[in-house]
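Only one structure is covered here, and it is reproduced in the block below.
Please treat every number below as a calculation from the coordinates, not as lab data. Keep in mind the model is a prediction, meaning the values are calculated, not measured. Ideal geometry is used to build each Cβ from the backbone, glycine not excepted, and the neighbour counts take in all protein chains shown.
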Amino acid sequence: MRTTIILKTASNYLLPVLLVFSIFILLRGHYLPGGGFVGGLIASIAFILHSFANGLDKTKELLILHPGFLLPVGLAIAFLSGLAPVVLYDLPFMTGLWSHDPIAILGSVGSALFFDIGVYLVVNGVTLTIIFTISESA
Amino acid sequence: MLTAILTGFLFSILLIFAGRFIKGKLSILASLVPLGLFVYFTQFISSISNGEIIMRSYEWIPSFGVDLGFKLDGLSLLFSLMITGIGFLVFAYTSSYLKGHEYLDRFYGYLGSFMGAMLGLVLSDNMITLFVFWELTSISSFFLIGFNNTNPASRKSALTALGITGIGGLFLLAGALLLNNIAGTYSISEMLTMSEAIRGNEFYFLAVLLIFGAAFTKSAQFPFHFWLPGAMKAPTPVSTYLHSATMVKAGIYLLMRFTPVLGGEQIWNTTLIIVGGFTMLYSAFHTIFRTDLKGVLAYSTISALGILVFLTGLGTQEAFLAAAVFIIVHALYKATLFLVTGIIDHQTHTRDITRLSGLNKIMLPVGIAGILAAISSAGIPPTLGFVGKELTYEASYHSESLVIFLMIAIVLTKILLLYAGFVAGIKPFTGKLPEEHSNVKMPGFIMWAPPLLLAILGVIFGVAPFIIESALIKPVVTSMGGDASEIHLALWHGFNLVFILSLITIGVGTALYFIIKPSKKLEEGIAKFDFIAPENILEKFNKLFIMISNFWTNFFQNGYLRNYISIIILFLVVLVGYIMVGNTRFAIDYNSLSKITVYEITTTLILIAGIFYTVFTQSRLAAVAAMGVVGLSICLIFVFYSAPDLAMTQFSIDTLTVILFVLVLYKLPKYLKLSDYKTRLRDGILSTIFGLIITTLALEVLSEPVSKEVGDFYAANSYIEAHGKNVVNVILVDFRGADTLIEISVLSIAAVGVFGLMKLRLKMKDRRRYADTRLSEENENKKQ
């Protein structure tokens, strides 16, 4: 695939910027539009853009692990965030737990944030797995 | 008691890890498991014979009245001893029979779990527990019958057996639920106390039918008998254990167990007498036409089961006694004959009775076992078989009505069974040794000892029936609801009509043995009537079933995505349209709608243009791009109506969709006529109607009085309860977090699915192997 130098150069800068943006979207989700789902999609778009500019192999090198590994990790984080209240405080599954004092930058942190991080990882993993698989087979 | 039942299962689980050790020389050690259980159960003999009943109950699902309730009384003790005792011999025998077999550990695993299930079945006092174990015996026997899983015929038999006994299991479940409805309990002991009320209930008839359905399928009564001869494809230890001594008697056990609860009514007794009587005569007659030793034994087993059903149906004190004795008689001689057949098969590699004779010159102990078993099966003194046969005749003779018919049926059956027993137990061991078997070797001790032991037990119990009288027989009669105090077993009953009948039976049967020689001709003769056999009727039904489902699947799921979507939309259109016709008001309150601005009009125009371009363009890529335009226009509309979350998500999704489409389409030809005019017209009409319906639906929803309760709740509580100001996100991660958890799981599964479909294609070698087995299977089917 021929790619322009502009895209190639830009993608190197865009990847970190988009990733930071996706994390930003993920974190602000609790108060403002955003969240793990959209964040995950944006992150995967960042990697896909990178793969368009530099080739799939380069992106895979960058990722080290296959994006499919994000699926169990994300699912585990989301599930454990729901399990935490059961194990720690004997509360029903998925009860929200919250820190008493707000933490710098993040604000008040709760189990919901970890759940959202799980969603973020799963969505990212699913999208990248599907698109990478199909673009390799096509 | 629970531990005893679970031992079998634990043993098989353990074999997963320790299988390697048991495969080799240590395989004989596996038989210690049933032996230990046998010893465990023998310690109860004295207390049970004193009339005690041992109950154990563990809580399981108390809210449904389901507990792990176990009851050890005469009936369950007899079965438990048979299961563990014969189990021990079969386990030991197997270690020699399947010596060095690649999957010997698996075989023991299946046998172990079968033993556990069978013990659970006969000890359960709760009907649901009974049902669970009942199904477990079906499942474990499926694996045992299909043990030679490279043989298509073996797989087919396993499937037939599973199908028939599985249906029976459903009958049992339905019966359990119905009885629970009538009696208000799942406990069989509690049902015992309200037998009157159950028998008077209007659903009594149905309950009896369901229990019959379960018992007749499991115990291979006509017309469900055919799975049993098929199950003879299993290795011989399985046939011995499952198909003579234990599993097939589960149905008999069920009938006996429920005799005091449901029995005593006309429908109960008459049905059992008719079904049992017909089965015993029908299959005893069939033994004449078999040349395969196991075939002869299979049919004579069905016949014996028929006798037991028949005796249970007679319902008298004497009949119960006869049934109790006959269970032991049959278990002893039939297990012996099966084991002997296994040895013959193992040493000579044939079970064809026409080619077997004179083997006593090579394997005398086996011959002795076979001959003793045949004598017991024939009811010749001094074996226990004689005692059993006398009691059976006596019971039929003293029945209330139709004595003549019953007597003729039972005597004929016994004559034919005598013939079958002689063919299986005596024929191979008498006469001249054929040339082809002159090199046959004597089997090892571990192989010939079990059948010999069983055969000798048959004689010992016959000479001294008092050994089992009070220990086993009396408690069984008691648990069937009879009065056991008057029972006295003896070899000699005095010279009376029954004794004369016995003499006739032995005389005619022996004559029959010398007149009729098993031959291929007879076997082929009966094969002509196969077309009316229940087995073939079922087979035809199955073929029809497969044909219809093939047609159905090919029609609806032909592999074209467009067809799936068309069918789904068509279905929705018909369904929703049907509901909406007559229920739609078409009243739009224009005042409630917000003003339309120029932005919305422009966006909508772009959207419409995008749709038309998608439909009419000649290039795939252009169509995809136009689809992207449509998606982004929708994003804009979301923005206008202040749904930023939706807009963001839709935007990202749309971008990714376009990328995906491009990736997929990249390799396809650039230009193609996508579909012809007619198809487009059809699809156009369908999608227009669908769009109209959705629009109408949306408008209808708008004109409904709005219920805001749910929305208000989330809006009011999202910050207080969940510390979040973005209600949409709070709903996703907190209020309805469990939904999201499941959704991301589904997403992951989809990703794994795509990965699996594209990447993990079958390797060429595996594919060829798969095709080969398919091919050989088809050929096999054609032959049949």
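Distance in nm between label sites at residue B:203 and residue B:666, each 7 Å beyond Cα in the beta-carbon direction?
6.4 nm
Per residue of segment B:398-408, what does 6.51 cos²θ - 1.76 cosθ + 1.60 with θ = phi - 60° give for ³J(HN,Hα)? Whole Hz please, x for Gly and Pro, Karplus curve as stated.
8, 6, 6, 9, 6, 3, 4, 5, 4, 5, 4
Inside 10 Å of the C-beta atoms of B:716-725, what's the mean count of C-beta atoms belonging to other chains?
Mean partner-chain Cβ count within 10 Å for B:716-725: 3.
Using the 10 angstrom Cβ neighbour count as an exposure proxy, how do B:249, B:427 rank, fewest first? Present the calculation step by step, with values, prior to reporting the outcome.
On the way: B:249 27, B:427 22.
Going from sparsest to densest Cβ surroundings: B:427, B:249.
Two decimals is fine: what is log10 I(q)/I(0) at q = 0.09, 0.17, 0.19, 0.20 Å⁻¹ for segment A:5-137, from a Debye sum with one equal scatterer on every Cα and no solvent?
For segment A:5-137 at q = 0.09, 0.17, 0.19, 0.20 Å⁻¹, log10 I(q)/I(0) is -0.31, -0.91, -1.05, -1.12.
Could you name the aspartates and glutamates in cross-link range of residue B:474, using Cα to Cα under 15 Å and dropping any fewer than eight places away on the same chain?
Within the straight-line cut-off, residue B:474 pairs with B:52, B:73, B:318, B:483, B:486.
Would you pull out the residues with amide H under 5 Å of residue B:66's amide H, same chain only if 5 or more places away, H placed 1.01 Å from N?
For residue B:66, whose amide H was placed from the backbone, the distant partners under 5 Å are B:61.
By counting other Cβ atoms within 10 Å of each Cβ, how are B:743, B:318 ranked from fewest to most?
B:743, B:318
Let's test this: bin the Cα-Cα distances of segment B:2-540 at 10 Å from zero up to the farthest pair and state each bin's percent.
Histogramming segment B:2-540 at 10 Å steps yields 4, 20, 32, 28, 13, 3, 0 percent.
Kindly provide the helix-only [θ] at 222 nm of the protein assembly as shown, computed as the sum of -39,500 (n - 2.57) over DSSP H runs of four or more divided by all residues, to the nearest 500 deg cm²/dmol? Let's see the in-between values first.
Values: 38 runs with 648 residues, N = 922.
Mean residue ellipticity at 222 nm (helix-derived): -23500 deg cm²/dmol.
Once you list every other residue whose beta carbon is under 15 Å from the beta carbon of residue B:76, what net charge do they have if Lys and Arg are +1 and Asp and Glu are -1? Let's see the in-between values first.
Numbers: positive: B:56, B:71, B:249, B:257, B:474; negative: B:52, B:73, B:125.
Net charge in that neighbourhood comes out at +2.
Could you tell me the distance between the Cα centroids of segment B:283-361 and segment B:608-679, to the nearest Å?
Centre-to-centre distance over Cα atoms comes out at 73 Å.
Rounded to whole Å, give me the distance from the Cα center of segment B:393-442 to that of segment B:1-49.
Comparing the Cα centres of segment B:393-442 and segment B:1-49, I get a distance of 34 Å.
Between residue B:503 and residue B:488, with labels modelled 7 Å along Cα→Cβ, what's the label distance in nm to one decimal, could you check?
Using points 7 Å along Cα→Cβ, the separation is 2.4 nm.
Can you give me the relative contact order of segment A:5-137 as a percent, contacts being Cα pairs under 8 Å and 6 or more apart?
Answer for segment A:5-137 is 29 percent.
For the protein assembly as shown, what class follows from the C-alpha gyration tensor (a ≥ b ≥ c being the square roots of its eigenvalues): rounded when a/c is under 1.5, otherwise prolate if a/b is larger than b/c, else oblate?
prolate
Can you give the extra length, in nm with one decimal, that the chain gains between residue B:61 and residue B:515 once fully stretched, where that is 0.36 nm per residue apart less the Cα-Cα distance?
Difference between extended and current length: 157.3 nm.
Using unit Cβ charges (K, R positive; D, E negative) and no other charged atoms, how large, in debye to the nearest 20, is the dipole of segment B:206-295 about its Cα centre? Can you show the working numbers first?
Details: 6 positive and 2 negative charges, 48 e Å.
Dipole about the Cα centre, nearest 20: 240 debye.
Test of the criteria: in segment B:480-574, which GluC sites (Glu not before Pro) are in a DSSP loop and have at most 15 other Cβ atoms within 10 angstrom of their Cβ?
Qualifying residues, ordered by number: B:486.
Please work out how much length the chain gains when fully extended from residue B:54 to residue B:571, using 0.36 nm per residue of separation minus the C-alpha to C-alpha distance, in nm with one decimal.
Length gained, residue B:54 through residue B:571: 180.2 nm.
What aspartates and glutamates could a cross-link reach from residue B:156, if we take a straight Cα to Cα line under 14 Å and drop same-chain neighbours fewer than 8 places away?
The reachable aspartates and glutamates, counting only those whose Cα sits under 14 Å from residue B:156, are B:535, B:539, B:777, B:778, B:780.
Using the number of other C-beta atoms within 10 angstrom as an exposure proxy, rank A:62, B:119 with the fewest first. Present the calculation step by step, with values, prior to reporting the outcome.
Details: A:62 12, B:119 30.
Result, fewest neighbours first: A:62, B:119.
Using each residue's phi in segment B:646-657, evaluate 6.51 cos²θ - 1.76 cosθ + 1.60 at θ = phi - 60° and report the 3J(HN,Hα) Karplus result to the nearest Hz, with x for Gly and Pro.
4, 4, 4, 5, 4, 4, 5, 4, 5, 4, 5, 4
Just check segment B:416-532 against the gyration tensor rule for me: Cα atoms, a ≥ b ≥ c as the square roots of the eigenvalues, rounded for a/c under 1.5, and otherwise prolate or oblate depending on whether a/b exceeds b/c. Provide the component values of the computation, followed by the final result.
On the way: a/c = 2.11, a/b = 1.50, b/c = 1.41.
Prolate.
Please sort B:466-479, B:265-278 by packing, taking for each peptide the average over its residues of neighbouring beta carbons within 10 angstrom, highest first.
So the order, starting with the most tightly packed, is B:466-479, B:265-278.
Taking the Cβ of residue A:123 as the center, what net charge do the other residues with Cβ under 11 Å away carry, scoring Lys and Arg +1 and Asp and Glu -1?
Values: positive: none; negative: A:116, B:743.
Once all neighbours under 11 Å are counted, the net charge is -2.
Return the aspartates and glutamates within reach of residue A:58: Cα separation strictly under 17 angstrom, same-chain partners fewer than 8 residues apart disregarded; answer none if there are no such residues.
Once the sequence-local aspartates and glutamates are set aside, what remains near residue A:58 is A:136.
Can you give me the C-alpha center-to-center distance between segment B:741-761 and segment B:139-187, rounded to a whole angstrom?
34 Å
Calculate, in nm to one decimal, what residue B:148 and residue B:742 gain on full extension: separation in residues at 0.36 nm each, minus their alpha carbon distance.
209.7 nm
Given a Förster distance of 30 Å, report the FRET efficiency between residue B:696 and residue B:642 from their Cβ-Cβ distance, rounded to the nearest 0.05.
0.75
For segment B:606-668, just say rounded, prolate or oblate: build the C-alpha gyration tensor, square-root its eigenvalues into a ≥ b ≥ c, call rounded for a/c under 1.5, and beyond that prolate if a/b exceeds b/c, oblate if not.
Because a/c hits 1.5 or more and a/b fails to exceed b/c, segment B:606-668 counts as oblate.
What are the residues whose amide H is under 5 Å from the amide H of residue B:724, where those residues sit 5 or more places off or on another chain and H is modelled from the backbone?
Residues meeting the amide H criterion: B:719.
Scan around residue B:222 for amide H atoms under 5 Å from its own, H built in the peptide plane at 1.01 Å from N, and keep only partners 5 or more places away or cross-chain.
Sorted by chain and number, the residues that satisfy this are B:279.
Do any of B:99/B:334; B:249/B:334; B:25/B:334; B:294/B:543; B:427/B:520; B:249/B:389 go past 21 Å between their Cα atoms, and which?
Check vs 21 Å cut-off fails for B:99/B:334; B:25/B:334; B:294/B:543.
Could you go through segment A:6-14 in sequence order and give the Karplus-derived ³J(HN,Hα) for each residue, using 6.51 cos²θ - 1.76 cosθ + 1.60 with θ = phi - 60°, rounded to whole Hz, and x for Gly and Pro?
4, 5, 4, 5, 5, 4, 4, 7, 5
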